[in-house]
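The next block holds one structure in the form of structure tokens; read it before the comments.
The values are calculated or read from the model by the stated rules, or taken from the named source; none is laboratory data. Just so you know, these numbers come straight off a predicted model, no measurement behind them. Methodologically, a virtual Cβ is constructed for each residue, glycine included, from the backbone with ideal geometry; neighbour enumeration extends over all protein chains shown.
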Amino acid sequence: MKPETRFANSSGISIAYQVVGEGPIDIVFVPGFMSHVELNWEHEFLSTMLNSFASYGRLVVLDKRGTGLSDRSMGLGTFEERMDDVRAVMDAAGIERAALVGISEGGALCTLMAAIHPERVAALVLIAAACPGVFKITDSARERWLGFIRGAWNTGKVLTRFIQNAPDPDVALAKLARFERYCCESVVAEQIMARNFDSDIRDALPLVAVPTLVLHNRSDPIVPISHGEYYATHIPGAEHAYFEADWHGSWRDEDNKEFLSAARRFLTGATAPPASVDRVLSTVLFTDIADSTARAAEMGDAGWRKLLDRHDAAALEEVAGHNGIMVKSTGDGILARFDGPSRAVLCAEALSRRADGIGLGIRAGVHTGEIELRGADIGGIGVHIASRVAGLAGAGEILVSRTVKDLSVGSGLVFADRGEHELKGVPDSWQLYAASV
């Protein structure tokens, strides 16, 4: 019997998932390019893997938004929205902390979640995982790939590129054609691939502090070994196993045995108890009221205080409304943190509009990077960078770092290049962008 399909509510979006197995380890499997929780079991390249994990753990399998049986009305979503979806599924399944297994395209999402929400991640397994940012594709190659997906989706020819070693190629093509049709529309498949080309998650890797295993074939025809090597080199303490094979995914059970045996050995011995989390990847927002000193002198203490109170009340509402955490007021601005860059930018834009409505102009700086949690306060290099970026913004402007831009692919935000800048007290030059909705 196939597992029961259930649905988790993620901020009004339905996310399809299944739970199978009863082992002592909770494992969340985040699929690659495409999935369909009910059809997965009909395809050997997925069912063999899922059955293996379910043989020694309680396995949760999900369809990412925009694909399979999950809600398709809002498209594929941003990284932060898809992380929300994974957490919603874990909550619905009664799982506080789980090992995340990310295969192919799903590896980046799992890695970001381990860096941003380490309290929910016990271990990380990356199988043939792409690391966005490792390889910058040329414009012509990018368009060839996207054009191929656009023209060949629903025929099975796209997924045939990803899954090798079919015993009967004609049967495999027919099965994959059906899988493509049921997984998503061609426009979503194209968007997913475009985001992989345009994103960059490399800055998150050094902040992964959970046990990690990287599994990759040396001659993978879709995701080069350089991606696996980058993960293994830049995630602290990561273990790795590279295999002498030339497939990305395989129809043959025997091809997957080494991968699955290595994953089993790791997961049954590597999940660690919750650690004290004091360093995480987070998005920091600084705002500042432009010309505040002159305005205060002009209005007088009482009038200025009244206006500041209105600003602070609006800031509290907007930060909470965008799922952020208000860290503190800085006197004539705020410091807040978010689990995703697009939320921070949208919050800054909303607060700017409200400030305009009461006669104030604010400038904002946003950066995604490492922060230190110090009780209710935060510190670290990520906070310093966000502060310096805010100091370069003009009235009504939202300046962001390159990391914010790279992690906001698919958000609909617009970024205008503002060139490279030296940030006082921060090494290197920093590429900045003006963000708008």
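Among residues of the stretch 346-357 being more than 17 Å from residue 433 (Cβ to Cβ) and out of contact with any strand residue (DSSP E or B) (no Cβ under 7 Å at 6 or more places or on another chain), the one that is surrounded by the fewest Cβ atoms within 10 Å (Cβ to Cβ) is 357.
Each residue in the stretch 22-51 was checked for being farther than 28 Å from residue 185 by Cα, under 26 Å from the mean Cα position of the chain (by Cα) and surrounded by fewer than 21 Cβ atoms within 10 Å (Cβ to Cβ), and 1 of them qualify. When residue 114 is tested against the conditions (1) touching a residue at least 12 places away in the same chain (Cβ under 8 Å); (2) on the phi > 0 side of the Ramachandran plot, the lone failure is (2). In this structure, does residue 343 turn out to be surrounded by fewer than 20 Cβ atoms within 10 Å (Cβ to Cβ), assigned by TED's automatic domain parsing to the domain that holds residue 306 and among the charged types (D, E, K, R)? So residue 343 does not fit the description; no. Within the stretch 178-189, the residues that satisfy the criterion of being surrounded by fewer than 18 Cβ atoms within 10 Å (Cβ to Cβ) and at pLDDT 95 or above are 178, 181, 182. You will find that of 425, 365, 410, 396, the residue that is crowded, with 18+ Cβ neighbours inside 10 Å, modelled with pLDDT under 95 and outside the structural domain of residue 112 (by TED's automatic domain parsing) is 410 and no other.
If you go through the stretch 309-335 and keep only what is outside any strand (DSSP E or B), buried (at least 20 other Cβ atoms within 10 Å of the Cβ) and aliphatic (A, V, I, L, M), you end up with 315, 319. Residues that are part of a strand (DSSP E or B) and within 20 Å of residue 304 (Cα to Cα) within the stretch 336-373 comprise 362, 363, listed in sequence order. Here residue 277 meets each of (1) touching a Pro at 6+ places or on another chain (Cβ under 7 Å); (2) at pLDDT below 90; (3) surrounded by 12 or more Cβ atoms within 10 Å (Cβ to Cβ) with one exception, condition (3).
Tallying residues that are touching a strand residue (DSSP E or B) at 6+ places or on another chain (Cβ under 8 Å) and either among the charged types (D, E, K, R) or not in a loop (DSSP other than H, G, I, E, B) (or both) within the stretch 99-149 yields 25. Within the stretch 46-60, residues that are aromatic (Phe, Trp, Tyr) reach partners that are crowded, with 21+ Cβ neighbours inside 10 Å with beta carbons closer than 7 Å, at six or more positions or on different chains, in the pairs 53/27; 53/29; 53/59; 53/101.
So that you can scan it fast, the table gives a plain yes or no per residue for (1) within 27 Å of residue 169 (Cα to Cα); (2) among the basic types (Lys, Arg); (3) at pLDDT 95 or above:
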{"position": "3", "(1), (2), (3)": "no, no, no"}
{"position": "9", "(1), (2), (3)": "no, no, yes"}
{"position": "27", "(1), (2), (3)": "no, no, yes"}
{"position": "33", "(1), (2), (3)": "yes, no, no"}
{"position": "39", "(1), (2), (3)": "yes, no, yes"}
{"position": "57", "(1), (2), (3)": "no, no, yes"}
{"position": "68", "(1), (2), (3)": "yes, no, yes"}
{"position": "78", "(1), (2), (3)": "no, no, no"}
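Results for (1) over 26 Å from the mean Cα position of the chain (by Cα); (2) over 25 Å from residue 379 (Cα atoms); (3) touching a residue at least 12 places away in the same chain (Cβ under 8 Å); (4) not assigned by TED's automatic domain parsing to the domain that holds residue 333, shown as yes or no for each residue.
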position	(1), (2), (3), (4)
286	no, no, yes, no
290	yes, no, yes, no
295	yes, yes, yes, no
309	yes, yes, no, no
313	yes, no, no, no
319	no, no, yes, no
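Report yes if residue 233 is buried (at least 19 other Cβ atoms within 10 Å of the Cβ), modelled with pLDDT of 95 or more and of a type in the set (S, T, N, Q), otherwise no. Taking the combined requirement at face value, the residue does not satisfy it. One residue alone among 246, 253, 170, 220 is closer than 25 Å to residue 141 by Cβ and surrounded by fewer than 20 Cβ atoms within 10 Å (Cβ to Cβ), and that residue is 246.
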